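A.B. asks: Got a structure for you, written out below as structure tokens; questions coming shortly.
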Amino acid sequence: MKSTIPEMNRTYDVVVVGGGPTGSTAARICAKSGLKTLLIEEQATFGYPVQCAGLLSQSAFSECEVSMSSVLNTVSGADIHAGEATCSFDAGKTMAYVVDRGALDQEMGLAAADAGAEIQLKSIAYDISRISQTVSLKGISGSEDVRYSMLIAADGPRSGISRKLGIPRARYYLSGLQCDVFHSVSLDHVQIYPNAAPDFFGWMIPIHPDRTRIGLCGIHQVKERFSEFIRPFSKQILHFVSGTIPLGPPSRTYDNRILIAGDAAAMAKPTSGGGVYTGVRSARHAAETAIRSIETDDFSPASMALYEQAWKADFGHEILRGLRFFQIRQKISEKEMEKLIRILAHPDIKQIITNKGDMDRPSALIKALLTNPHMIPAYSIIGKGLLSSIYT
């Protein structure tokens, strides 16, 4: 991996801020196209500290273009628990990968370096100038201003680049807590607990025959609910992880020669909180826009807007529909959730979920469920949640 010692007045075609899957993908594609590319990462290495549950759909894992070396386990189904109600689904094939996110991120960062991107670790982008087209960096070798033709901001949920540009914040921020424990669950099923965090959900992800990843995510009382959720395993805990999930992209995800991607643009999926698939997809669109703009010497607002049009056409509608169901979910009580799980346990409904389930693009599944007559008993719960989300 190339390591760059800062020099005065360095100039790049593309500067990418953030070395997660989004930033590494954008840097790799830009460098591979022949553009002089710099990838900035504030940590001393890619992938740490880990701030992710590490459950990737097949599509998300495929988008990362990595080997199987980071895979810890594969799962084919899920068990959902609410009160005394339980519903199980199994596709009979691998539906998701449980990965070591640190290892996966490192592999993606190395791929960017192999493609020709220069890598600068332990550096923070603390300021930006639209006029001089420079980003100010501070690292182990001091401070410097680096010039760019295009900048891609992939610097996470609390994006400093977005703040400097005055880009609106995400509509919602979820807090997540997670730990690995010595505990055995079914290796091929993820365990989901909606009532562990009534504004989102809790989970148990099998990573090894005797090791499970337990966590939850929500808006309110997250620490208290997490403590209660892991109480039975308090003497078996290996280590803790915390993170933030931004939901609800801002009204604008571009600026003058700047494109904002992944969690920096709050592109996480509102139904699951996952951000790798949407992040990498947005990185591809950002890289394509940067390459086209540089090749045609067109940095007009219309050229930048093509990026936003591209990611919205790709997965924007999924995020919008997901946000509506996220808002409805906030209004569903624990008892109502238990009733919903009993409804989902109907054999016909389970078959629909097995056939049409897609972690990254769930809108087709939701439509199929809502048009099935066995879901009629759930209409009152969903309708009440919909009305409450509109008028509150």
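A.B. asks: Give me the net charge for the shell around residue 326: Cβ to Cβ below 14 angstrom, other residues only, Lys and Arg +1, Asp and Glu -1.
C.D. replies: On the way: positive: 171, 269, 321, 324, 329, 331; negative: 199, 318.
Once positives and negatives cancel, what remains is +4.
A.B. asks: What is the Cα convex hull volume of the chain when expressed per residue in Å³? Can you show the working numbers first?
C.D. replies: On the way: hull volume 54.1 nm³, N = 392.
Enclosed volume per residue, from the Cα hull, is 138 Å³.
A.B. asks: From the helices alone, meaning DSSP H stretches of at least four residues, give me the mean residue ellipticity at 222 nm for the chain, per-run term -39500 (n - 2.57), in deg cm²/dmol to the nearest 500. Mind showing how you got there, number by number?
C.D. replies: Details: 12 runs with 134 residues, N = 392.
Roughly -10500 deg cm²/dmol at 222 nm, from the helical runs in the chain.
A.B. asks: Structure shown: which of 32/164; 138/235; 235/339; 32/138; 36/164; 93/122 lie over 31 Å apart, alpha-carbon to alpha-carbon?
C.D. replies: Numbers: 32/164 29 Å; 138/235 41 Å; 235/339 33 Å; 32/138 27 Å; 36/164 24 Å; 93/122 41 Å.
Exceeds cut-off: 138/235; 235/339; 93/122.
A.B. asks: Please name which of 56, 81, 102 has its Cα lying farthest along the dipole of the stretch 1-140 towards the positive end, using unit charges on Cβ (Lys, Arg +1; Asp, Glu -1) and the Cα centre as origin.
C.D. replies: Going by the Cα projections, it comes out as 102.
A.B. asks: Give me the distance between the Cα centres of the stretch 127-177 and the stretch 28-84, rounded to whole Å.
C.D. replies: What the calculation gives is 22 Å, centre to centre.
A.B. asks: ³J(HN,Hα) across the stretch 203-214 via Karplus (A = 6.51, B = -1.76, C = 1.60, θ = phi - 60°), whole Hz, x for Gly/Pro?
C.D. replies: 8, 10, 10, x, 10, 6, x, 10, 9, 9, 9, 10
A.B. asks: Here's another thing I want to ask about it. Need one number: nm distance between label points at residue 59 and residue 43, each 7 Å from Cα along Cα→Cβ, rounded to one decimal.
C.D. replies: Label-label distance for residue 59 and residue 43, simple model: 2.6 nm.
A.B. asks: Please give the net charge around residue 284, taking every other residue with its beta carbon less than 15 angstrom from that of residue 284, where Lys and Arg add +1 and Asp and Glu add -1. Let's see the in-between values first.
C.D. replies: Working: positive: 28, 32, 281, 292, 312; negative: 63, 65, 288, 308, 314, 360.
Within the 15 Å Cβ shell, the charges total -1.
A.B. asks: Okay, next question. Based on the alpha carbon coordinates of the stretch 12-79, what radius of gyration and maximum Cα-Cα distance (Dmax) apply, in Å?
C.D. replies: Here Rg and the maximum Cα pair distance are 14.5, 49 Å.
A.B. asks: Restricting things to Cα coordinates, could you compute the convex hull volume per residue of the stretch 159-206 in Å³? The partial results should precede the final answer.
C.D. replies: Details: hull volume 5.6 nm³, N = 48.
So the per-residue Cα hull volume is 116 Å³.
A.B. asks: Tell me, what is the percent relative contact order of the stretch 1-159, built from C-alpha pairs under 8 Å that lie six or more residues apart?
C.D. replies: Details: 328 pairs, mean separation 58.4, N = 159.
Here the relative contact order equals 37 percent.
A.B. asks: Right, here's the next one. All other residues with a Cβ under 12 Å from the Cβ of residue 377 taken together, and with Lys, Arg as +1 and Asp, Glu as -1, what is their net charge? If you can, show how the numbers build up before the last one.
C.D. replies: On the way: positive: 339, 342; negative: 336.
Local charge sum for residue 377: +1.
A.B. asks: Select from 321, 213, 130 the residue whose mean-square fluctuation is largest in a Gaussian network model of the chain (Cα-Cα springs shorter than 10 Å).
C.D. replies: Among 321, 213, 130, the largest mean-square fluctuation in the Gaussian network model of the chain belongs to 130.
A.B. asks: Normalise the Debye intensity by I(0) for the stretch 163-279, one equal point scatterer per Cα, no solvent, then take log10 at q = 0.13, 0.15, 0.23, 0.24 Å⁻¹ and round to two decimals.
C.D. replies: At q = 0.13, 0.15, 0.23, 0.24 Å⁻¹ the computed log10 ratios are -0.57, -0.71, -1.24, -1.31.
Each reported figure results from applying straightforward, stated rules to the coordinates on display, with no laboratory input. Just so we're clear, the structure is a prediction, and the values are computed from it rather than from any experiment. Ideal geometry is used to build each Cβ from the backbone, glycine not excepted, and the neighbour counts take in all protein chains shown.
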